[in-house]
Structures are given as structure tokens and as C-alpha cells.
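The values are calculated or read from the model by the stated rules, or taken from the named source; none is laboratory data. Just so it is clear, the structure is predicted and the values come from calculations on it, not from any experiment. Positions of Cβ are backbone-derived with ideal geometry, glycine not excepted, and every protein chain shown enters the neighbour counts. SASA here: full protein model, heavy atoms, side chains in, ligands and nucleic acids out. Shrake-Rupley method; radii C 1.70, N 1.55, O 1.52, S 1.80 Å.
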Amino acid sequence: MKITGTSGRAERRSISEGTHIGTVVQVLDLGEQVNIFAEEDNPNKTQRKVYVTYEVPDEKLDDGRPLVIGQELTASLSPKSRLRPAIESLLGRTLVEADLADATQTLKSILGRSAFIEVEHVTTRKGTTFAKIKNVMKLSRGVNVDSPFNDLIFLDLDDANANEIIQGLPNFIQAKIASGVGRIVPNTNEDLDL
């Protein structure tokens, strides 16, 4: 017998398309992840990934909390990377040698920083539409941004307190970290929607 019904999941509200002010509230180390776009000759290629979450104060839930949107990026400060221009837009300056020498501190320095984020809606082959960050741009002079509503969270998987921080993250982020190459996240498997 086939029974149909709702999935039990709440409807997700997407951030509207266009340009918004976004404030970084999370910078999360996702560890080594298998590159789904790897070449045929190297299907198991891995890359270190980070997830940057922006709070968007002009888009709110019914209870008044701001919506958030995240972006998974390769953890690289190469001039050709997508992470570096985002960081430079958030800091309002070009990265210098000292920034590159201490990449962890550079990543920490974007917490609480704001930029314009360009959001687009993308439709998958299955017909699902989701919001995606297309671009991160430096704020114009004189634009004032309120302090973020959400707590600022920085996760470095090499830190001793990493597992404690992971426990407080959304299930989809916990699952992503747990799926990383060589990564075991203790005491979270029963909480993951795998």
C-alpha cells in the first residue's frame, strides 16, 4: 500500500532575489570534502571547505528573527578562489601577505562584518527552487548596519572544542562535517537526518 502525505518538514522561506545587506554570523570549517565536480580521472578528489553564513536583517521570519543564507566555498585564498574576493569585500580591502600567512585569523576577522550579497533563485532538475549567493560586494560608504541578532560562531575542526561547537550547529551542517573524509563526529548520529 502506498500512502502519500506531507514530509513533516516545515516550509522553508527563501530570501528574495536581489541585493541585500548580509552580516557574517558563522564561519565553519567543513573539513575535507569529496569534490562532486571532480574530473573523471580523479573522482575521489577532496578539497577543504568552509561554510559562511550571512544574516539578512531586511528579511525576517514571522517571529521577527532575520533569515540567514550560507555559502559553501573551497578553503583557499588564491586570487582565483571564490573565498578571497568575498573576504576582501567584507574587509573592504585587498588581502596582504600577513593575511595570507595567517589564514585562520583572516577567516575569524570576517565574523560580524557586513557586505552587500547578491542573491539569485536557482531551480534544480527536480523542480526545487532555492536561494543562492551569487556575489559578495563591498558596502558603500556611510551604510550603517545593526549588530547581528545571531551569535557569532567560528569553527576550526583542529580546535580542541570543535565537537562542542558542532553539537550546536544545524543538522545539515553536522551531517556535512560528518560526511567529510576521515571525520567522525561523536554523539551526533542519532540527531542527524541522514
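Contact map, region 87-105: residues that are in contact (Cβ under 8 Å) with a residue 60 or more places away in the chain and part of a helix (DSSP H, G or I) paired with residues that are surrounded by 14 or more Cβ atoms within 10 Å (Cβ to Cβ) and among the small types (G, A, S), Cβ distance under 6 Å, separation 6+ or inter-chain. Pairs shown: L90/A115. What residue, among those in region 54-68 that are more than 12 Å from S16 (Cα to Cα) and under 17 Å from the mean Cα position of the chain (by Cα), is surrounded by the most Cβ atoms within 10 Å (Cβ to Cβ)? Per the stated criteria, the residue is Y54. The number of residues in region 119-147 being acidic (D, E) and either open to solvent by less than 50 Å² (accessible area, probe 1.4 Å) or within 15 Å of G70 (Cβ to Cβ) (or both) comes to 1.
For residues that are open to solvent by less than 40 Å² (accessible area, probe 1.4 Å), of a type in the set (A, V, I, L, M) and in contact with a strand residue (DSSP E or B) (Cβ under 7 Å, 6 or more places away or on another chain), tally how many sit in region 69-97. Counting residues in region 69-97 that are open to solvent by less than 40 Å² (accessible area, probe 1.4 Å), of a type in the set (A, V, I, L, M) and in contact with a strand residue (DSSP E or B) (Cβ under 7 Å, 6 or more places away or on another chain) gives 5. Of everything in region 99-118 that is open to solvent by 70 Å² or more (accessible area, probe 1.4 Å) and more than 17 Å from the chain's Cα centre (by Cα), the residue that is nearest to E72 (Cα to Cα) is Q105.
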